[in-house]
Amino acid sequence: MTTELLPARDNRAACRGGREEAVAVTWVMTSSPIRILGIDPGLRRTGWGVLDTEGNRLVFVGCGSVETREHMELASRLLAIHAGLGAVLDRFRPAEAAIEQTFVNKDGVATLKLGQARGVAMLAPAMFGIAVAEYAPNQVKKTVVGAGHADKIQIQAMLKILLPKADPKSADAADALAIAITHAHHRKSAAIAARIKAAG
């Protein structure tokens with residue numbers, strides 16, 4: 001059974017020539033392996049992690065981070081994040097993507113910049129026609145570790161169990177893999193919700 005509203009394809013053409021086109025995408029329900037891209041957004045470092053899921057089976061594919069330098073102009077840093085994730089998408093060709101929701105802290109400027117980084121991070125898979133699910137930080141922790149207030153050490157310890165071949169070089173890459181795992185566990189309910197929303 002499929003709930004796909006649009007064939008998987010590169011939708012970057014929809015943004016060319018100054019034209020704006022609505023692109024409807026959602027999750028595909030299938031028994032075949034699904035490749036998922038997890039994204040942990042950040043202005044200084046955006047983590048990414050790719051895995052394949054088939055039923056309850058998870059297979060590590062790759063992970064890393066896109067880094068920007070503080071002396072760069074904001075627009076250039078955002079462009080670097082978008083281009084870096086675009087290269088990841090070109091290389092691994094995921095079917096679905098997931099990203100962590102932004103949390104608001106006391107530093108309004110930092111929160112705004114994080115939101116901007118998150119926006120361009122979401123745009124990258126969207127331009128490839130890939131649906132992007134969103135998960136709260138506590139939901140990611142609860143899914144991977146079993147506790148909504150788990151720390152990064154606990155998350156990395158569970159990653160070694162769930163994805164023994166994974167060797168993330170940064171906490172951001174580890175978090176991105178955790179986000180991908182979360183989507184692997186919740187994608188069925190996400191697909192149903194998206195189908196109901198599209199029908200309404």
Exercise for the section: Please enumerate the residues belonging to the stretch 172-200 that are surrounded by fewer than 16 Cβ atoms within 10 Å (Cβ to Cβ) and either touching a residue at least 60 places away in the same chain (Cβ under 8 Å) or among the acidic types (D, E) (or both). Expected result: K188, I192, A198
Practice task
Assess whether A173 counts as being touching a helix residue (DSSP H, G or I) at 6+ places or on another chain (Cβ under 7 Å) and among the small types (G, A, S).
Solution key: no
Problem - Residues satisfying the stated conditions in the stretch 130-148, i.e. closer than 26 Å to R91 by Cα and surrounded by fewer than 18 Cβ atoms within 10 Å (Cβ to Cβ) - result: E134
Exercise for the section: Would you please name the residue that is nearest to T68 (Cα to Cα), looking only at residues in the stretch 82-104 that are modelled with pLDDT under 95 and assigned to a loop (DSSP other than H, G, I, E, B)? Expected result: T102
Exercise for the section: With respect to A191, determine if the residue is modelled with pLDDT under 95, closer than 20 Å to R93 by Cα and not in a loop (DSSP other than H, G, I, E, B). Expected result: yes
Completion exercise
Restricting the stretch 149-171 to residues that are among the charged types (D, E, K, R) and under 19 Å from V50 (Cα atoms), the one surrounded by the fewest Cβ atoms within 10 Å (Cβ to Cβ) turns out to be K165
Handout entry: Exclusive hit being modelled with pLDDT of 95 or more, under 27 Å from P164 (Cα atoms), surrounded by 14 or more Cβ atoms within 10 Å (Cβ to Cβ) and in contact with a Gly (Cβ under 8 Å, 6 or more places away or on another chain), set V50, V61
Key = V50
Handout entry: Residue list for the stretch 44-81, filter: of a type outside the set (A, V, I, L, M, F, W, C), part of a strand (DSSP E or B), touching a Ser or Thr at 6+ places or on another chain (Cβ under 9 Å) and over 15 Å from A184 (Cβ atoms)
Key = R45, T46, G47, G64, S65, E67
Practice task
Within the stretch 105-127, identify whether any single residue is touching a Phe, Trp or Tyr at 6+ places or on another chain (Cβ under 6 Å) and within 30 Å of R93 (Cβ to Cβ), and answer yes or no.
Solution key: no
Fill in the blank from the handout: Of the residues in the stretch 94-111, those that are more than 13 Å from the chain's Cα centre (by Cα) and touching a residue at least 12 places away in the same chain (Cβ under 8 Å) come to F103
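The values are calculated or read from the model by the stated rules, or taken from the named source; none is laboratory data. A quick note: this is a predicted structure, and the numbers were derived from the prediction, not measured. Here the Cβ is made from the backbone with ideal geometry for all residues, glycine too, and neighbour counts use every protein chain on show.
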